[in-house]
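One structure below.
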Amino acid sequence: MEKKDIRTREDVFLLVSTFYNKVRKDDLLAPFFNEAIKDWDEHLNRLTTFWESNLFFKTKYLGNPLDVHVKVDHENNHSISELHFGIWLNLWFQTIDELFAGDNAENAKRRARKMSTFLYLKIFESRHK
């Protein structure tokens, strides 16, 4: 079966929900996410909007991912490391490759790589203020 590209909000939701099912089961990532996120339905909807806005520029995401990640790092004694971001990114790529193929799928990988680098650097910077 040939995979299709990410084209709709429903596709983005499938990607996000499948990905976070993996995150919630991962030994290293699950403690951060399962502790921080109280309403998974709301979180999946919010992240679907986030990725939809990043891939299609049709919606506007209202929120500040940097502040949220810095807060989670602080609440966890500054224990988020590059290893966590690497696992996150590998799971994201794996999920995309399982479900989709095409320009938007590749763009989702590029954007995730850039975002994870930016977030990690900013988290690290925030520890020294």
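Please specify each residue of the stretch 12-34 satisfying the condition of being out of contact with any helix residue (DSSP H, G or I) (no Cβ under 8 Å at 6 or more places or on another chain) and more than 13 Å from residue 92 (Cβ to Cβ).
Listed by number, the residues that qualify are 25, 27, 31, 34.
Restricting to the stretch 51-66, and then to whatever is at pLDDT 85 or above and not hydroxyl-bearing (Ser, Thr, Tyr), can you tell me which residue is nearest to the chain's Cα centre (by Cα)?
Here the answer is 51.
Considering the stretch 59-101 alone, what residues qualify as being at positive phi and either exposed (fewer than 13 other Cβ atoms within 10 Å of the Cβ) or among the aliphatic types (A, V, I, L, M) (or both)?
63, 77, listed by residue number.
If a residue has to be touching a residue at least 40 places away in the same chain (Cβ under 8 Å) and not polar (S, T, N, Q) to count, how many in the stretch 76-117 make the cut?
Of the residues in the stretch 76-117, 19 are touching a residue at least 40 places away in the same chain (Cβ under 8 Å) and not polar (S, T, N, Q).
Residue-wise test of (1) touching an Asp or Glu at 6+ places or on another chain (Cβ under 7 Å); (2) among the hydrophobic types (A, V, I, L, M, F, W, C); (3) over 19 Å from residue 10 (Cα atoms).
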{"site": "75", "(1), (2), (3)": "no, no, yes"}
{"site": "80", "(1), (2), (3)": "yes, yes, yes"}
{"site": "87", "(1), (2), (3)": "yes, yes, yes"}
{"site": "92", "(1), (2), (3)": "no, yes, no"}
{"site": "96", "(1), (2), (3)": "no, yes, no"}
{"site": "103", "(1), (2), (3)": "yes, no, no"}
{"site": "109", "(1), (2), (3)": "no, no, no"}
{"site": "117", "(1), (2), (3)": "no, no, yes"}
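Take the residues of the stretch 25-42 that are assigned to a loop (DSSP other than H, G, I, E, B) and surrounded by 13 or more Cβ atoms within 10 Å (Cβ to Cβ): which is nearest to the chain's Cα centre (by Cα)?
Result: 29.
In the stretch 65-117, how many residues are assigned to a helix (DSSP H, G or I) and within 20 Å of residue 25 (Cβ to Cβ)? Talk me through it step by step, then tell me what you get.
Pass one, the stretch 65-117, residues assigned to a helix (DSSP H, G or I): 65-75, 82-99, 103-117.
Now narrow it down to the ones that are within 20 Å of residue 25 (Cβ to Cβ): 72, 83-99, 112, 116.
Of the residues in the stretch 65-117, 20 are assigned to a helix (DSSP H, G or I) and within 20 Å of residue 25 (Cβ to Cβ).
The values are calculated or read from the model by the stated rules, or taken from the named source; none is laboratory data. Note that the coordinates shown come from a computational prediction; the quantities given were computed from them, not determined experimentally. Note: ideal-geometry Cβ built from the backbone for every residue, glycine included; neighbour counts use all protein chains shown.
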